[in-house]
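Trainee: The structure's right below; bear with me while I get my questions together.
The values are calculated or read from the model by the stated rules, or taken from the named source; none is laboratory data. This structure is a prediction, so every number in the text was calculated from the model and none was measured. Here the Cβ positions follow ideal geometry from the backbone for every residue, glycine too, while neighbour counts run over all protein chains shown.
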Amino acid sequence: MNETAFKMLRMISAGLCCTQVMIKLALEEEEKENADLIRAVSGLCKGIGGSQKTCGVLTGGIGILGLYSGKGKETEYAREDHGSMVEEYMTWFENVFRSTECMDIIGVYSFTDDTSNMAYNIKCGDILLRSYEKIQEILRDHDYEFGSRE
C-alpha cells in the first residue's frame, strides 16, 4: 500500500467522507489544516447531501482544482485555465467510472447497511486514489506545482 492510500484509509477510518478526504489530502500536501473547509464540504458527502447523486470524489477533485485556480477573493479572478481543468477532470472521471453519480458507480443503495458500507469503502478507496492521482496530473500538465499554491 502506498503512502497516499494509507492516508486515505486512515481518514476514511476516522469518518471523513470522500470529498473531505480529497480536500484534506491536498491540504496536507501543503502541510496546512483548514477544519472550516473540511466541515464546509461535508454537505457533499455520500453523493451530495447523502442523495447518492454526484460523487463526492468528483466534487472533491473539482474543489482541489479550485484551490489552485479558482477565484478566492473579490479582487481576483479565476485563472484562465480553471474551466478547462475542471472540464478535463469531469470528462476523465465519467469516462473511467462510466458515471458521475455515486449510486451508479458503487452500486450502494443504503449507506447504513453493513455490507454496503464495506463495498462502499473498498470501491471508493480505488476511486479516490485514481482520481487524486489524476488531479495531480492535470495540475502538472497546466504548470502548477502540486503542494505549493504560493
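Trainee: Among Ile135, Ile106, Ile127, which is the only one that is touching a helix residue (DSSP H, G or I) at 6+ places or on another chain (Cβ under 7 Å), within 18 Å of Val21 (Cβ to Cβ) and at pLDDT 95 or above?
Mentor: Values: Ile106 fails: at pLDDT 95 or above; Ile127 fails: at pLDDT 95 or above.
It is Ile135.
Trainee: When the residues of segment 52-77 are filtered to those that are in contact (Cβ under 8 Å) with a residue 12 or more places away in the chain and part of a loop (DSSP other than H, G, I, E, B), which remaining residue is surrounded by the most Cβ atoms within 10 Å (Cβ to Cβ)?
Mentor: Filtering segment 52-77 down to residues in contact (Cβ under 8 Å) with a residue 12 or more places away in the chain leaves 52-70.
Cutting the leftovers down to part of a loop (DSSP other than H, G, I, E, B) gives us 52-53, 55, 70.
Numbers: Gln52: 19, Lys53: 14, Cys55: 29, Gly70: 18.
It comes out as Cys55.
Trainee: Right, here's the next one. Would you point out the residue of segment 30-51, among those that are part of a loop (DSSP other than H, G, I, E, B) and among the hydrophobic types (A, V, I, L, M, F, W, C), that is nearest to Thr4 (Cα to Cα)?
Mentor: Here is the first cut: in segment 30-51, the residues part of a loop (DSSP other than H, G, I, E, B) are 30-34, 45-51.
This time we only want the ones that are among the hydrophobic types (A, V, I, L, M, F, W, C), so: 45, 48.
Details: Cys45: 20, Ile48: 24 Å.
Across segment 30-51, the extreme among qualifying residues is Cys45.
Trainee: Additional query: Quick check on my filter: what residues within segment 78-107 are free of Cβ contacts under 8 Å to residues at least 60 places away in the same chain and among the acidic types (Asp, Glu)?
Mentor: So the first thing to find is which residues in segment 78-107 are free of Cβ contacts under 8 Å to residues at least 60 places away in the same chain, and the list is 78-80, 82-107.
Within segment 78-107, Glu80, Glu87, Glu88, Glu94, Glu101, Asp104 meet the criteria.
Trainee: Taking segment 133-150 as the region of interest, how many residues are within 15 Å of Glu28 (Cβ to Cβ) and assigned to a helix (DSSP H, G or I)?
Mentor: Just the residues of segment 133-150 that are within 15 Å of Glu28 (Cβ to Cβ), to begin with: 135-136, 146-149.
Still in the running and assigned to a helix (DSSP H, G or I): 135-136.
Adding up the residues that qualify gives 2.
Trainee: Any residue that is in a helix (DSSP H, G or I), of a type in the set (Asp, Glu) and under 16 Å from Gly61 (Cα atoms) - is there at least one of those in segment 14-29? Explain how you work it out, then say what you get.
Mentor: Narrowing segment 14-29 to residues in a helix (DSSP H, G or I): 18-29.
Of the ones still in play, those that are also of a type in the set (Asp, Glu) are 28-29.
Checking which are under 16 Å from Gly61 (Cα atoms) leaves us with 28-29.
Within segment 14-29 (the criterion being in a helix (DSSP H, G or I), of a type in the set (Asp, Glu) and under 16 Å from Gly61 (Cα atoms)), the answer is yes, since at least one residue qualifies.
Trainee: Let me ask you something else. Residue check: is Ser99 closer than 15 Å to Ser131 by Cα and in a loop (DSSP other than H, G, I, E, B)?
Mentor: Numbers: closer than 15 Å to Ser131 by Cα: yes; in a loop (DSSP other than H, G, I, E, B): yes.
Taking the combined requirement at face value, the residue satisfies it.
Okay, residues lined up against (1) without any contact (Cβ under 8 Å) to a residue 24 or more places away in the chain; (2) buried (at least 20 other Cβ atoms within 10 Å of the Cβ); (3) of a type in the set (A, V, I, L, M):
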{"position": "Met8", "(1), (2), (3)": "no, yes, yes"}
{"position": "Ile38", "(1), (2), (3)": "yes, no, yes"}
{"position": "Val41", "(1), (2), (3)": "yes, yes, yes"}
{"position": "Gly49", "(1), (2), (3)": "yes, no, no"}
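Trainee: When you check His142 against the structure, is it over 26 Å from Glu3 (Cβ atoms), surrounded by 15 or more Cβ atoms within 10 Å (Cβ to Cβ), over 12 Å from the mean Cα position of the chain (by Cα) and at pLDDT 95 or above, yes or no? Spell out the reasoning first.
Mentor: Numbers: over 26 Å from Glu3 (Cβ atoms): no; surrounded by 15 or more Cβ atoms within 10 Å (Cβ to Cβ): yes; over 12 Å from the mean Cα position of the chain (by Cα): yes; at pLDDT 95 or above: yes.
Judged against the criteria, His142 is not a match.
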